[in-house]
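Have a look at the structure below, then the notes.
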Amino acid sequence: MKPAPFAYKKAHSLDEAVALLGEHKDARLLAGGQSLIATLNMRLSSPALLIDINGIGGLDGIAEKNGAVEIGALVRHVQAERSDLIARLAPLIARAMPYIGHPAIRNRGTLGGSIAFADPAAELPACLMALDGEVEAFGPKGKRAIKAQDFFKGLFETALGPQDVLTAIRIPVATKDTRVGFAELARRHGDYAIVGLAASARADGKGLSDVRLSFFGVGDTPSRARRAETALAIGDVEAAVAALDLDPHDDVQATAAVKKHLAGVLLRRVAKQLMEPRP
Ligand SMILES: Cc1cc2nc3c(=O)[nH]c(=O)nc-3n(C[C@H](O)[C@H](O)[C@H](O)COP(=O)(O)OP(=O)(O)OC[C@H]3O[C@@H](n4cnc5c(N)ncnc54)[C@H](O)[C@@H]3O)c2cc1C
């Protein structure tokens, strides 16, 4: 199938993109196109105008700033996957990147597009939640920061307003005590996960504190399993599995019962990673 006809404009600044979004109510931003173009081709969406943001400068950097790693919205997945800074200071993101689609998708897809699209089975939104990160948005009133826990509102729904451009994400820099874990189950490597888990914690003596378990593929948004986090912090992995407070729905990939079972399998794997000292 081919997309419905649409107009195309290339924005060269954030102000221009925001102005175009204001003038055209039925417009969509185009970043890497790896999700948007597929939805157009399947006629799941038919915007009148695509506003290409790839010509906006300054959105493709990765830098350490004020105790955080700031990753620009137009950083491609491949760029993040190969970044030494991300490997060192945001190791959970580094672990998750190879699971996103296939190399051809990672060559074009952007981190900003993935977070803004907010697919409930996507890796990066769950990582952002696990790391207590934040999103920077630019809109008609200028820049603002939105905490990850306030950003993901529902199925493909975020706190971005109709005239907002996501400009960057920020993740607190990992310290020597930071522990991270990541695992997912998909039918084939590169497919969207049936269930996945991104996690972070702090090594605290022989145990863990600040455990954050962020599951994906089990709800409309990334889902924290808070009772399981408490059990894991006292070192009881089986109690954490028994306490898993998730409420998945059946979907095309698996029933709710299978998803809940797989979430327990992943939790055991990720708990092991969290308890390993960092290399
Ligand atoms: C076959 C296939 C397999 C895939 N597998 C996975 C997978 O396993 N895991 C995964 O996470 N993803 C997967 N993807 C999606 C891929 O990661 C996309 O790159 C990503 O979801 C969207 O990024 P993009 O830059 O391509 O955004 P686009 O497709 O350009 O845009 C997606 C949406 O976000 C909006 N948007 C984009 N950038 C911004 C911004 N800066 N500010 C505000 N809104 C913005 C757009 O308007 C659009 O609505 C897959 C895609 C394909 C085609």
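Worth pointing out:
- Selection of segment 187-211 for residues being over 20 Å from residue 128 (Cβ atoms) and within 16 Å of the ligand (Cβ to nearest atom) yields 187, 188, 189, 190, 191, 194.
- From 183, 174, residue being over 16 Å from the mean Cα position of the chain (by Cα), more than 9 Å from the ligand (Cβ to nearest atom) and aliphatic (A, V, I, L, M): 174
- Scan of segment 77-88 for residues that are surrounded by fewer than 20 Cβ atoms within 10 Å (Cβ to Cβ) and closer than 17 Å to residue 33 by Cα, ordered by number: 78
- Test: residue in segment 56-70 that is open to solvent by less than 10 Å² (accessible area, probe 1.4 Å) and among the small types (Gly, Ala, Ser): no
- Within segment 71-84, considering residues that are touching a residue at least 40 places away in the same chain (Cβ under 8 Å) and over 16 Å from residue 123 (Cβ atoms), the one nearest to the ligand (Cβ to nearest atom): 73
- Residue that is nearest to residue 204 (Cα to Cα) [pool: residues in segment 229-279 that are loosely packed, with under 13 Cβ neighbours inside 10 Å and hydrophobic (A, V, I, L, M, F, W, C)]: 234
- Hits in segment 122-155 (condition: surrounded by fewer than 20 Cβ atoms within 10 Å (Cβ to Cβ) and within 19 Å of residue 36 (Cα to Cα)): 154, 155
- A count restricted to segment 22-55 and to residues that are more than 9 Å from the ligand (Cβ to nearest atom) and either part of a helix (DSSP H, G or I) or crowded, with 20+ Cβ neighbours inside 10 Å (or both) stands at 4.
- Where helices (runs of 4 or more DSSP H) fall wholly inside segment 85-154, the ranges with 1 or more residues that are of a type in the set (Ser, Thr, Tyr) and near the ligand (Cβ under 9 Å from one of its atoms) are 111-117.
- Just one of the numbered conditions (1) on the phi > 0 side of the Ramachandran plot; (2) in contact with an Asp or Glu (Cβ under 8 Å, 6 or more places away or on another chain) is not true of residue 226: (1).
- Residue among 93, 86, 62, 105 that is at negative phi and under 14 Å from the mean Cα position of the chain (by Cα): 93
- Selection status of residue 13, farther than 30 Å from residue 194 by Cβ, of a type in the set (S, T, N, Q) and either open to solvent by less than 20 Å² (accessible area, probe 1.4 Å) or modelled with pLDDT of 95 or more (or both): yes
- If you filter segment 72-84 down to residues that are not in a helix (DSSP H, G or I) and not small (Gly, Ala, Ser), you find that the one that is nearest to residue 62 (Cα to Cα) is 75.
- Residue check for residue 263: over 19 Å from residue 149 (Cβ atoms), of a type outside the set (S, T, N, Q) and more than 22 Å from the chain's Cα centre (by Cα): no
- Here the condition is being touching a Pro at 6+ places or on another chain (Cβ under 7 Å) and surrounded by 24 or more Cβ atoms within 10 Å (Cβ to Cβ); of 182, 216, it holds for 216 alone.
The values are calculated or read from the model by the stated rules, or taken from the named source; none is laboratory data. Quick caveat: nothing in here was measured; it's all calculated off a predicted structure. FYI the Cβ positions are ideal-geometry reconstructions off the backbone, even for glycines, and counts take in every protein chain you see. Protein only, heavy atoms only, side chains kept; ligands, DNA and RNA dropped before computing areas. Shrake-Rupley method; radii C 1.70, N 1.55, O 1.52, S 1.80 Å.
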